[in-house]
Amino acid sequence: MTMALLAVAFPLLCAWTIASFSSPWRFLALLAPLTSFGPVGHWITSNQPRPRLMRLACGALVVGGSTWVLHQWLVHGPAGLGAQFWGFAQGLLMVVTAFGCWHAFSRSWLSRNLLLLLPVLIAPLPFVLPWIGSFLHTAYLEDVLGIPEPAVHISFYWRSSVALKPVALTLVITLIYVSLYGWAKYFNLHISQGVMVNGVFPLLVLLAALGVAELALKEVQAAAERTYSAAVKGEQPPGYFGINGRLVCVRPVDPAKPISVQPGPLPTSRPVLVFPREGTDLWVWDPSPARGRFSSEHAVRMRAEDVSLYPATGTSCP
């Protein structure tokens, strides 16, 4: 495994350095793959006592060929060098994590009882995912737009879908922690399994969950800001996991009848942002700056039966 990483990491580093810089000193990066010709060639020839030139030739063929292919990919690829390097790093991290988890699970209590633990771990997901989704939707609607989450109709499918990304990211970070333990086990580093399972590992998972939760909330806030920024410009806003707002004009059904609007007055001269409602009350988001400084102060509540909604065609309503 170490030789496999050596045969991938050195060519990648060398190819990225040569493709990224223009100084003649960049060719010093060739020293990294040159030093791996012998070890990689010895590994490729199944550690047999082959002639030295043969081992060097095999190592040069694998490492040199990989360096040239990676260099051509980085130079002629459609994406930028940074994006391609990040893609390579992600792929390498996935391979290292997979092998580390394999070492952690092999010949362990977890591997012997995995079939019994899987139902216990999977069973709470149908209940946990909608709860996390409702939390994120609440942050989107109430914290930024000031509209109560129960007042907007959101299907069960979207309540679960919005929670998949943070849950999956937490799981990936957890597997990375497990792979670190697996590699420590593979290299015979003395780590107490009891201390890891009962102390360090739960703390690391908790920190990962808190970090992912903060990241998810920042993404929710950014999505909500894009929504009301589009509404202020008079553009149809993007959706967010089942919350699809649209700009409409509000007109009273009976102009002679007083309408209860909190806070008033009824916004009839400009388009407002409305979401699929749930219940008898209709909540809209008014982009008028007179409503207040904060975006959550622009939410307006009225009874749905008192008003009619018409599609907005511009920045003003007739």
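The values are calculated or read from the model by the stated rules, or taken from the named source; none is laboratory data. Because the structure is a prediction, the values reported are computed rather than measured. Cβ sites come from the backbone with ideal geometry, for glycine too, and all protein chains shown count toward neighbours. When the accessible area is computed, the model is the full protein with side chains, heavy atoms only, and any ligands, DNA or RNA have been set aside. Shrake-Rupley method; radii C 1.70, N 1.55, O 1.52, S 1.80 Å.
Sort segment 250-293 into rounded, prolate or oblate with this rule: let a ≥ b ≥ c be the square roots of the eigenvalues of the Cα gyration tensor; rounded if a/c is under 1.5, and if a/c is not under 1.5, prolate when a/b is larger than b/c, oblate otherwise.
Working: a/c = 1.70, a/b = 1.16, b/c = 1.47.
Note, shape of segment 250-293 comes out oblate.
Count the net charge of all other residues whose Cβ sits under 13 Å from the Cβ of residue 148, scoring Lys and Arg as +1 and Asp and Glu as -1. Walk me through the intermediate numbers first.
On the way: positive: 277, 301; negative: 142, 143, 149, 278, 281.
Residues close to residue 148 contribute a combined charge of -3.
When the solvent-accessible surface of protein heavy atoms is calculated with a 1.4 angstrom probe, in what order do 281, 306, 254 fall, highest first? Write down the numbers at each step before the final one.
On the way: 281 45, 306 20, 254 75 Å².
Sorted descending by solvent-accessible area, the residues read 254, 281, 306.
Using a Förster distance of 35 Å, how high is the FRET efficiency between residue 120 and residue 153, based on the Cβ-Cβ distance and rounded to 0.05?
Values: r = 34 Å, r/R0 = 0.96.
Using R0 = 35 Å, I get an efficiency of 0.55.
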